[in-house]
Amino acid sequence: MKSRIFTCSVLFVVFLCLTGCLPENFFSKPEPRLVLFVGVDISGSFLRSKYFDDSLYFLAHYLYAHLKGLGGLEEPKELFVGSIGGSNVGEAKTLYPIQTFKYKTIPEIHEKLKEIFPKKKENVITDFNAFFHHISETVSNRRLILKPLAIVLLSDGVPDVPEAKQTEAFRQIVLKPLENLSRNIVIRLLYTDAQTGDQWTTLVPRKRVRILTQDAVVMKEWRDPSLLIPQKSIEDQNRFLDWIKDQVDYPVRLERVD
């Protein structure tokens, strides 16, 4: 009986195709739902590190690949890119929208990122809480609540406090403004180290937010010629796109931390 129903359904679709009665959007891709925020750490500790320049170059490739939906990467409905930190605690920063990057090539995106995030000595504070609060306000004001939400942080992840107080500082990272924005929300902290990443996943209080971290020593492998093959267009870089899915965008298990 089930096979007969399936056969009839297939024949019906074929009939509609032949008669031109299918809706125009029948075979079109579903409307994007992902809301993607990217924060770049402009504090001195990350800015002076050997990974800052690499992180912007990676981000240019990452944004382009997602905006084009290459290799099965999820295309965002909305994209916002801004700074983590600055000169003062709680300082509001500009969030650059999807249109800033959507119609640019990878080199053009990279140049724009270097323009947005220049190396300045006066940027001394990493303020994760201000960035998360800004995300919450943006999602609410733009009526993006309940859409899948991904937050990518390019940062060493180290709070700007004396080393002896860092354990307590991780517990002071406030994700509460994000908790009710979506049923599907993930933070991806890239360019950190194993110890700091472990402190993010075990000490930062949360109920619904999932946290993924990736070490800087792993992130720098993205430029390996065996992954990003020279003289090959990004659209054909299947190994690199698979690496993004496996090392950056992989699913994260939800673990509640109080």
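Worth a mention:
- Failed item in (1) touching a strand residue (DSSP E or B) at 6+ places or on another chain (Cβ under 9 Å); (2) part of a helix (DSSP H, G or I), with ILE244 passing the rest: (1)
- Looking across SER83, SER155, SER87, one residue alone is over 16 Å from ARG210 (Cα atoms) and modelled with pLDDT of 95 or more. It is SER155.
- Test: LYS112 is basic (Lys, Arg), in a helix (DSSP H, G or I), more than 18 Å from GLY85 (Cα to Cα) and under 19 Å from the mean Cα position of the chain (by Cα): yes
- THR202, sole failed condition from (1) within 24 Å of LYS50 (Cβ to Cβ); (2) assigned to a helix (DSSP H, G or I); (3) in contact (Cβ under 8 Å) with a residue 40 or more places away in the chain; (4) over 17 Å from the mean Cα position of the chain (by Cα): (1)
- For LEU95, the test of being at pLDDT 95 or above, closer than 23 Å to ASP53 by Cα and among the hydrophobic types (A, V, I, L, M, F, W, C) is passed.
- Residue within the range 155-169 that is in contact with a Leu (Cβ under 8 Å, 6 or more places away or on another chain), surrounded by 13 or more Cβ atoms within 10 Å (Cβ to Cβ) and outside any loop (DSSP other than H, G, I, E, B) present: no
- Residue match in the range 173-185 (condition: touching a helix residue (DSSP H, G or I) at 6+ places or on another chain (Cβ under 8 Å), in a helix (DSSP H, G or I) and not aliphatic (A, V, I, L, M)): yes
- Among the residues of the range 213-244, those that are touching a Leu at 6+ places or on another chain (Cβ under 7 Å) and closer than 15 Å to VAL152 by Cβ comprise THR213, GLN214, MET219, TRP222, ILE244.
- Answer residue from the range 206-226, given it is in a loop (DSSP other than H, G, I, E, B), surrounded by fewer than 17 Cβ atoms within 10 Å (Cβ to Cβ) and modelled with pLDDT of 95 or more and is nearest to the chain's Cα centre (by Cα) among those: ASP224
The values are calculated or read from the model by the stated rules, or taken from the named source; none is laboratory data. Since the model is a prediction, treat every value here as computed from it, not as a measurement. Reconstructed Cβ throughout: ideal geometry from the backbone, glycine too, with neighbour counts over all protein chains shown.
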